[in-house]
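The values are calculated or read from the model by the stated rules, or taken from the named source; none is laboratory data. Computed from a predicted model, the values in this text were never measured in an experiment. Every residue, glycine among them, receives a Cβ derived from its backbone with ideal geometry; neighbour counts consider all protein chains shown. Surface accessibility is based on the protein's heavy atoms, side chains included, excluding ligands, DNA and RNA. Shrake-Rupley method; radii C 1.70, N 1.55, O 1.52, S 1.80 Å.
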Amino acid sequence: MNCTVYSKEGKELRSIALDDEVFGLPVNEDLIWYAINNELANKRQGNASTKGRGEIHGSNARPYKQKGTGRARRGDKKSPILVGGGTIFGPKPRDYSYSIPKKTKRQAMKTILSLKAQSDTIKIIEDFSIESGKTKDLAGLLSNFNPGTRTVLILKDDDAMIKRAASNIPWLSYLSYNRLRAHDLFYGRQVLMLETAAKNLNDFYGPGAKEAAQ
């Protein structure tokens, strides 16, 4: 498929060819779900912790005698059914992370890119850099492309100055073409992609990269 390349001022410049193997695939909602849930699970800290009956500080003595009071038989004050007692089957620190096959993750990224391309939410911009690294310079450039909308900026490389400028814009997230995140990419209302990044995506996820990914 062909896509228009825009200047930094938002004007149409030329057309660029996008590989149908990357941007023209049918949408697979199951793959997208697996990829996003995998990322969210891997980000969980897993440090929630509660105390069980044996970890509560308190006496092991019976609060009152076994018989003759007319009340329930009570072993100690740390019983889970009493206020201040232990927690039954409460959470403990654990690792929620897990891995999914590389082929599955790559296919999920391609189907998200295809979804964005088919819904006309991808805009390709000529390559630029923010030499000053200042947020106001990047915000001024992005003002030509529907500012305020939840936006994903795909970079051609690890441009430290663009990342520095973008870190203070709350509605903008940035990704390198070879380290995409399914969650950010899927929930972005618009995807701004540098021209070289688009070419790199064609090579990185295209047919020629299949053997390298295996």
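Figure the gain on full extension for Arg62 and Asn28 (residue separation times 0.36 nm, minus the Cα-Cα span) and round it to one decimal in nm. The partial results should precede the final answer.
Numbers: separation 34, 0.36 × 34 = 12.24 nm, distance 6.04 nm.
Full extension from Arg62 to Asn28 adds 6.2 nm.
Just the number, please: carbon plus sulfur as a percent of the accessible area of segment 105-214, 1.4 Å probe, no ligands or DNA/RNA counted.
Values: 2250 of 5080 Å².
Roughly 44 percent of what the probe reaches on segment 105-214 is carbon or sulfur.
Grab the Cα-Cα distance for Ser132 and Ser15, subtract it from 0.36 nm times how many residues apart they are, and report the gain in nm with one decimal. Show your work: numbers first, answer last.
Numbers: separation 117, 0.36 × 117 = 42.12 nm, distance 2.95 nm.
Gain on stretching Ser132 to Ser15: 39.2 nm.
What lysines does Lys78 reach when the alpha-carbon gap must be under 19 Å and sequence neighbours fewer than 8 apart in one chain are set aside?
Lys51, Lys65, Lys92
Three principal axis extents, largest first, for the C-alpha atoms of the chain, in Å?
92, 41, 27
How do Ser119, Ser176 rank by accessible surface area computed with a 1.4 Å probe, from largest to smallest? Walk me through the numbers before you get to the answer.
On the way: Ser119 60, Ser176 10 Å².
Putting Ser119, Ser176 in descending order of accessible area: Ser119, Ser176.
So how exposed is Tyr98, as accessible area in Å² (1.4 Å probe, rounded to 10)?
Rounded to the nearest 10, that gives 100 Å².
Given Lys8/Lys199; Lys123/Lys163; Lys102/Lys123; Lys43/Lys110; Lys110/Lys199, which pairs have Cα atoms separated by over 25 Å? Don't skip to the end; give the middle numbers.
Numbers: Lys8/Lys199 18 Å; Lys123/Lys163 19 Å; Lys102/Lys123 27 Å; Lys43/Lys110 22 Å; Lys110/Lys199 14 Å.
As for pairs spanning more than 25 Å Cα to Cα, those are Lys102/Lys123.
Could you pull out every one of the aspartates and glutamates with an alpha carbon less than 15 Å from that of Lys156, ignoring same-chain neighbours closer than 8 positions?
Within the straight-line cut-off, Lys156 pairs with Glu126, Asp127, Glu195, Asp203.
Between segment 103-131 and segment 32-81, what is the separation of their alpha carbon centroids in Å?
47
Under the classification rounded if a/c is under 1.5, otherwise prolate if a/b is larger than b/c and oblate if not, where does segment 26-143 fall, given a ≥ b ≥ c as square roots of the Cα gyration tensor eigenvalues? Please list the in-between numbers first.
Working: a/c = 4.60, a/b = 2.74, b/c = 1.68.
Prolate.
Report Val83's accessible area, 1.4 Å probe, all protein chains in place, as a number in Å² to the nearest 10.
Looks like 150 Å² after rounding.
To the nearest 0.05, how large is the calculated FRET efficiency for Arg179 and Glu55 if R₀ is 45 Å and r is the Cβ-Cβ distance? Could you put the intermediate results ahead of the total?
Numbers: r = 42 Å, r/R0 = 0.92.
According to the calculation, E is roughly 0.60.
Any idea of the accessible area per residue across segment 1-149, 1.4 Å probe, to the nearest Å²?
On the way: 9660 Å² over 149 residues.
Per-residue accessible area for segment 1-149 comes out at 65 Å².
For Leu155, what charge total do you get from the other residues with a beta carbon under 10 Å from its beta carbon, if Lys and Arg give +1 and Asp and Glu give -1?
-1
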